[in-house]
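Written below as structure tokens is the structure these notes are about.
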Amino acid sequence: MKDISKYIERVRTHIETLAKSNTRALIAIAGPPASGKSTLAEQLQIRLNEISMPCGIVPMDGFHLDNEILKTRGLLSRKGAPETFDVEGFKALLHQLTTEKEVSVPLFDRAGDIVIPNAVCIEEHHHHVIIEGNYLFLDEDVWRDLQPYWSLRVFISPPLEVLEQRLVQRWLAHGLDEGAAKKRAATNDIPNAKRILEQSDLQAVDIAFC
């Protein structure tokens, strides 16, 4: 994302036009791995807090299934694919966010490759919550049940060749050699990215960034 300030201001403008409600506004930011979702979410949170629009963040990564469960299901090598997430638990959290004043949220520790339960708290004054994840708009069973929760839908979709370069760099930064990094990106991340681009309900998206 070349000029993130431009993207932030565009999303902020849309958020300010949302109808006032006693229910939290959930702003969904979705896209393939390495598309820039986390960066946009973090910078948008800072901007909203600067203008007195209290905002929290919930990353979908906190709902990775445990590695032992993935091993028993033969899915460990596909970790990060839609079927490796606790979608029902994630959906239950979204319901909590729209009905309860304070909600504890799990986070994913990438270095330790584990989920940390109750890692952060969305508090009563957080009237806006950014939900960030790959599959928020996926038009497949269970995932499409998430759609009614979104007050605003933002989708980021850089070209596949850009994603591949970023993903290889990501795995290099995690200590893999070049061959292993390219293999990891090609065998798991890129198939996931293609699934997101091809199977997401993009007609419902409010804002799209390339």
Q. Is there any pair with a first residue in segment 61-74 that is touching a residue at least 40 places away in the same chain (Cβ under 8 Å) and a second that is part of a loop (DSSP other than H, G, I, E, B) whose Cβ atoms are under 6 Å apart and which are 6 or more apart or on different chains, and what are they?
A. PHE63/ASP86
Q: Residues being surrounded by 17 or more Cβ atoms within 10 Å (Cβ to Cβ), in contact with a strand residue (DSSP E or B) (Cβ under 8 Å, 6 or more places away or on another chain) and either modelled with pLDDT under 95 or within 22 Å of LYS79 (Cβ to Cβ) (or both): count how many of those fall in segment 114-145.
A: 9
Q | Checklist (1) free of Cβ contacts under 8 Å to residues at least 40 places away in the same chain; (2) touching a Phe, Trp or Tyr at 6+ places or on another chain (Cβ under 9 Å); (3) aromatic (Phe, Trp, Tyr) applied to TRP150, failing item | A | (1)
Q) Could we say that ALA41 is in a loop (DSSP other than H, G, I, E, B), within 18 Å of ASN134 (Cβ to Cβ), touching a residue at least 24 places away in the same chain (Cβ under 8 Å) and among the hydrophobic types (A, V, I, L, M, F, W, C) here? A) no
(Q) Of the conditions (1) part of a helix (DSSP H, G or I); (2) out of contact with any helix residue (DSSP H, G or I) (no Cβ under 6 Å at 6 or more places or on another chain), LEU167 satisfies every one except a single condition; which number is it? (A) (2)
Q | Residues of segment 16-38 that turn out to be among the charged types (D, E, K, R) and either crowded, with 17+ Cβ neighbours inside 10 Å or closer than 24 Å to ASN134 by Cβ (or both), as a count | A | 2
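The values are calculated or read from the model by the stated rules, or taken from the named source; none is laboratory data. No experiment lies behind these values; they were computed from the predicted model shown. Neighbour counts run over all protein chains shown; Cβ positions are idealised from the backbone, glycine included.
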